[in-house]
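Enquirer: Quick one: the structure is below, and I'll ask about it shortly.
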Amino acid sequence: MTTPQQHPALAAADPELAGLVGAEERLQADTLRLIPSENYVSAAVLEASGTVLQNKYSEGYPGRRYYEGQQNIDQVETLAVERAKALFGVDHANVQPYSGSPANLAVYLAFAQPGDTVMGMALPMGGHLTHGWGVSATGSWFRGVQYGVRRGAASEGGGRIDFDQVRDLALKERPKVIFCGGTALPRTIDFAAFGEIARESGAVLVADVAHIAGLIAGGAHPSPAGHVDVISTTTHKTLRGPRGAMLMSREEHAKALDKAVFPGLQGGPHNQTTAAIAVALREASQPSFRDYAHAVVANAKALAEALLARGFDLVSGGTDNHLILIDLTPKQVPGKIAAKALDRAGIVVNYNTVPYDPRKPFDPSGIRIGTPSLTSRGLTTDHMDQVAEWIDRAVTAAGKGDEETLRTVRAEVAGLMAAHPAPGLPV
Ligand SMILES: *Cc1c(COP(=O)(O)O)cnc(C)c1O
């Protein structure tokens with residue numbers, strides 16, 4: 001066990017909790033983590049997020065706080081803000097939102113009144129809860145209208161955003177706010193097309209790039225800057241920072257966004273997270289991060305090819321980014337059964353609805369995978385055929401209840417992972 005050396009104070013004060021942290025370190029080290037919204041942060045980001053900055057209250061913004069003693073905190077937050085502005089090419093950045101969902105809620109607070117119409121992609125099509133879906137506050141306090149992706153074969157545009165529908169819906173419903181972006185979109189988002197529709201319909205356009213922020217920062221996905229009013233993003237997915245979020249915009253929306261985050265929605269910012277965001281943004285501005293972002297996409301494309309070669313059905317027929325959505329219907333294994341079997345085989349994925357899924361969201365037809373984490377461990381396109389072979393073997397084994405094969409795959413996976421240590425984890 002590495003815990004006693006890594007976290008001596010914690011191990012002494014609370015061995016039970018320290019044991020759980022150690023077990024999680026082991027789990028993250030030994031498994032092939034394919035959840036596309038997860039990653040491994042660097043040791044530097046981890047250290048920054050575990051500092052005494054967390055002892056400080058800082059309601060307000062740099063230079064205009066409601067508490068004294070901000071000599072250092074103001075500089076920390078300013079560093080994060082300036083780095084975000086430079087990296088994403090925007091006039092304004094707010095780095096205080098606690099996470100992606102509160103960041104999006106702040107956008108509604110800034111630009112809409114309860115009962116107003118808002119528009120986003122439907123959750124089962126790949127949108128996010130906070131884009132006006134019914135079970136979310138954003139769908140009960142506002143009137144959510146939803147667009148989706150095209151039905152039908154990938155070769156005929158199936159699985160891709162239906163811009164005719166987006167435009168018709170926007171002109172008919174005149175939403176105050178339109179969200180683009182999502183959680184299960186394997187294709188490049190056409191921010192310019194959304195921008196035209198938003199201008200035509202008079203809506204505030206928000207690009208929620210939570211999943212792809214790191215790809216944008218690294219030049220592996222087009223930037224929404226210049227096409228949209230607001231950019232909302234988490235910091236902990238492909239951007240490889242701590243759990244947090246940012247809102248970015250042109251100067252014209254700066255005041256409204258800042259007021260919505262504080263005092264509209266939140267109290268004191270999490271300064272230790274702000275510091276870690278600053279570190280992650282510095283890392284993301286280095287040439288090595290450009291290489292990382294492009295490698296994430298190259299790995300996803302190679303993995304998609306290898307899965308197609310094994311008869312897997314991929315929504316939209318493949319990927320342009322870090323994410324692959326697999327419809328397991330032809331394999332005759334439901335998504336949840338496959339996901340749980342893969343987990344036993346040391347391959348961590350999530351079950352997911354596919355567009356027009358005939359099954360229920362809690363027991364859907366698909367699984368969602370992605371390459372941000374494995375790329376952080378240095379796996380390359382040369383490894384992707386092996387990864388596809390493991391997925392294929394485990395899904396086939398899941399269909400037959402073949403636990404022996406799952407155990408064999410788990411051992412093989414652990415072998416490869418041991419040769420590729422993860423950032424931030426004890427070796
Ligand atoms: C992850 C995600 C969010 C929410 O982020 P949390 O930090 O989990 O609240 C919002 N929008 C999109 C598109 C996401 O992928």
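The values are calculated or read from the model by the stated rules, or taken from the named source; none is laboratory data. This structure is a prediction, so every number in the text was calculated from the model and none was measured. Cβ sites come from the backbone with ideal geometry, for glycine too, and all protein chains shown count toward neighbours.
Enquirer: What's the total number of residues in the range 376-418 that are closer than 12 Å to Asp30 by Cβ and either in contact (Cβ under 8 Å) with a residue 24 or more places away in the chain or small (Gly, Ala, Ser) (or both)? Break it down stepwise before answering.
Expert: First, pick out the residues of the range 376-418 that are closer than 12 Å to Asp30 by Cβ: 377, 410-418.
Okay, now just the ones that are also either in contact (Cβ under 8 Å) with a residue 24 or more places away in the chain or small (Gly, Ala, Ser) (or both), so 377, 410-411, 413-418.
Of the residues in the range 376-418, 9 are closer than 12 Å to Asp30 by Cβ and either in contact (Cβ under 8 Å) with a residue 24 or more places away in the chain or small (Gly, Ala, Ser) (or both).
Residues checked against (1) under 20 Å from the mean Cα position of the chain (by Cα); (2) buried (at least 19 other Cβ atoms within 10 Å of the Cβ); (3) at pLDDT 95 or above; (4) within 16 Å of the ligand (Cβ to nearest atom):
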{"site": "Leu46", "(1), (2), (3), (4)": "yes, no, yes, no"}
{"site": "Ser58", "(1), (2), (3), (4)": "no, yes, yes, no"}
{"site": "Arg64", "(1), (2), (3), (4)": "no, no, yes, no"}
{"site": "Gln71", "(1), (2), (3), (4)": "no, no, yes, no"}
{"site": "Gln75", "(1), (2), (3), (4)": "no, no, yes, no"}
{"site": "Asp91", "(1), (2), (3), (4)": "no, no, yes, no"}
{"site": "Ser99", "(1), (2), (3), (4)": "yes, no, yes, yes"}
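Enquirer: Of all residues in the range 153-192, how many are in a helix (DSSP H, G or I), touching a residue at least 24 places away in the same chain (Cβ under 8 Å) and loosely packed, with under 15 Cβ neighbours inside 10 Å?
Expert: Of the range 153-192, the ones in a helix (DSSP H, G or I) are 154-156, 163-173, 191-192.
In the following step, the residues that additionally are touching a residue at least 24 places away in the same chain (Cβ under 8 Å) were identified as 154-155, 163, 166-167, 169-171, 173, 191-192.
Imposing the further condition that a residue be loosely packed, with under 15 Cβ neighbours inside 10 Å reduces the set to 155, 171, 192.
Within the range 153-192, residues that are in a helix (DSSP H, G or I), touching a residue at least 24 places away in the same chain (Cβ under 8 Å) and loosely packed, with under 15 Cβ neighbours inside 10 Å number 3.
Enquirer: Let me ask something additional. Hey, among the residues in the range 209-257 that are among the aliphatic types (A, V, I, L, M) and near the ligand (Cβ under 10 Å from one of its atoms), which one's surrounded by the most Cβ atoms within 10 Å (Cβ to Cβ)? Don't jump to the end; show me each part of the working.
Expert: Restricting attention to the range 209-257, the residues satisfying the condition of being among the aliphatic types (A, V, I, L, M) are 209-210, 212-213, 215-217, 220, 225, 228, 230-231, 239, 245-248, 254, 256-257.
Next cut, near the ligand (Cβ under 10 Å from one of its atoms) only: 209-210, 212-213, 245.
Working: Val209: 30, Ala210: 26, Ile212: 34, Ala213: 31, Ala245: 28.
Filtering first and then ranking leaves Ile212.
Enquirer: Only residues in the range 11-30 that are closer than 30 Å to Glu412 by Cα count as the first member; pair them with residues that are small (Gly, Ala, Ser) and surrounded by 13 or more Cβ atoms within 10 Å (Cβ to Cβ), Cβ under 8 angstrom, at least 6 apart or cross-chain, and list the lot.
Expert: From residues that are closer than 30 Å to Glu412 by Cα, the pairs are Ala18/Ala11; Gln28/Ala422; Ala29/Ala422; Asp30/Gly346; Asp30/Ala414.
Enquirer: How many residues does the range 228-261 contain that are under 11 Å from Leu109 (Cβ atoms) and not aliphatic (A, V, I, L, M)?
Expert: Looking only at that region, the number is 1.
Enquirer: Can you tell me which residues in the range 149-163 are out of contact with any Gly (no Cβ under 6 Å at 6 or more places or on another chain) and within 16 Å of the ligand (Cβ to nearest atom)?
Expert: Scanning the range 149-163 gives a single hit, Ile161.
Enquirer: Can you pull out the residues in the range 156-176 that are of a type in the set (Gly, Ala, Ser) and under 24 Å from the mean Cα position of the chain (by Cα)? Break it down stepwise before answering.
Expert: Quick first cut of the range 156-176, residues of a type in the set (Gly, Ala, Ser) only: 157-159, 170.
Within the range 156-176, Gly158, Gly159 meet the criteria.
Enquirer: Give the range 109-135 a look and list any residue that's closer than 22 Å to Ser201 by Cβ, out of contact with any Leu (no Cβ under 8 Å at 6 or more places or on another chain), away from the ligand (no atom under 13 Å from the Cβ) and assigned to a helix (DSSP H, G or I), or say none.
Expert: Residue satisfying the conditions is Phe111 alone.
Enquirer: Residue by residue through the range 44-63, note down the ones that are farther than 18 Å from Asn94 by Cα and outside any helix (DSSP H, G or I).
Expert: Gly50, Thr51, Lys56
Enquirer: Look through the range 136-148, keep the residues that are among the small types (Gly, Ala, Ser) and assigned to a helix (DSSP H, G or I), and return whichever of them is farthest from the ligand (Cβ to nearest atom). I'd like the intermediate steps shown before the answer.
Expert: Start the filter on the range 136-148 by keeping residues that are among the small types (Gly, Ala, Ser), which leaves 136-137, 139-140, 144, 148.
Filter again for assigned to a helix (DSSP H, G or I), leaving 137, 139-140.
Values: Ala137: 12, Gly139: 14, Ser140: 17 Å.
Restricting to residues being among the small types (Gly, Ala, Ser) and assigned to a helix (DSSP H, G or I), the top hit is Ser140.
Enquirer: Further question: Any residue at all in the range 188-208 that's of a type in the set (S, T, N, Q), touching a Pro at 6+ places or on another chain (Cβ under 9 Å) and within 13 Å of the ligand (Cβ to nearest atom)? Break it down stepwise before answering.
Expert: Of the range 188-208, the ones of a type in the set (S, T, N, Q) are 188, 201.
The next check asks that each one be touching a Pro at 6+ places or on another chain (Cβ under 9 Å); those that pass are 188, 201.
Among the residues that remain, those that are also within 13 Å of the ligand (Cβ to nearest atom) are: none.
Within the range 188-208 (the criterion being of a type in the set (S, T, N, Q), touching a Pro at 6+ places or on another chain (Cβ under 9 Å) and within 13 Å of the ligand (Cβ to nearest atom)), the answer is no, since none of the residues qualifies.
Enquirer: For Gly148, indicate whether it is free of Cβ contacts under 8 Å to residues at least 24 places away in the same chain and within 23 Å of the chain's Cα centre (by Cα).
Expert: Taking the combined requirement at face value, the residue does not satisfy it.
Enquirer: Looking at (1) within 16 Å of the ligand (Cβ to nearest atom); (2) within 22 Å of Thr138 (Cβ to Cβ); (3) of a type in the set (Val, Ile, Thr), which one does Val166 not meet, given that it meets all the others?
Expert: Status for Val166: all satisfied but (1).
Enquirer: In addition: Tell me yes or no: at least one residue of the range 133-144 is under 25 Å from Asp313 (Cα atoms), buried (at least 22 other Cβ atoms within 10 Å of the Cβ) and aromatic (Phe, Trp, Tyr).
Expert: Within the range 133-144, the subset under 25 Å from Asp313 (Cα atoms) is none.
Within the range 133-144, none of the residues are under 25 Å from Asp313 (Cα atoms), buried (at least 22 other Cβ atoms within 10 Å of the Cβ) and aromatic (Phe, Trp, Tyr).
Enquirer: Please determine whether any residue of the range 391-400 is part of a helix (DSSP H, G or I), of a type in the set (Gly, Ala, Ser) and loosely packed, with under 15 Cβ neighbours inside 10 Å.
Expert: No, the conditions are met nowhere in the range 391-400.
Enquirer: Can you give me the number of residues within the range 329-338 that are surrounded by fewer than 24 Cβ atoms within 10 Å (Cβ to Cβ) and touching a strand residue (DSSP E or B) at 6+ places or on another chain (Cβ under 6 Å)? Give the steps one after another, and end with the answer.
Expert: Just the residues of the range 329-338 that are surrounded by fewer than 24 Cβ atoms within 10 Å (Cβ to Cβ), to begin with: 329-334, 336-337.
Narrowing the set further to residues that are touching a strand residue (DSSP E or B) at 6+ places or on another chain (Cβ under 6 Å) leaves 330, 336.
Of the residues in the range 329-338, 2 are surrounded by fewer than 24 Cβ atoms within 10 Å (Cβ to Cβ) and touching a strand residue (DSSP E or B) at 6+ places or on another chain (Cβ under 6 Å).
Enquirer: If you don't mind, another one. Could you say which residue among Ala86, Ala103 is surrounded by 16 or more Cβ atoms within 10 Å (Cβ to Cβ), touching a residue at least 40 places away in the same chain (Cβ under 8 Å) and among the aliphatic types (A, V, I, L, M)? Step through it out loud before you land on a result.
Expert: Details: Ala86 fails: surrounded by 16 or more Cβ atoms within 10 Å (Cβ to Cβ).
That would be Ala103, the only listed residue that is surrounded by 16 or more Cβ atoms within 10 Å (Cβ to Cβ), touching a residue at least 40 places away in the same chain (Cβ under 8 Å) and among the aliphatic types (A, V, I, L, M).
Enquirer: Further, regarding this structure: Please verify whether the range 202-222 includes one or more residues that are more than 21 Å from the chain's Cα centre (by Cα) and assigned to a helix (DSSP H, G or I). I'd like the intermediate steps shown before the answer.
Expert: First, the residues of the range 202-222 that are more than 21 Å from the chain's Cα centre (by Cα): 202-204.
If we keep only those that are assigned to a helix (DSSP H, G or I) as well, we get none.
No, that holds for no residue.
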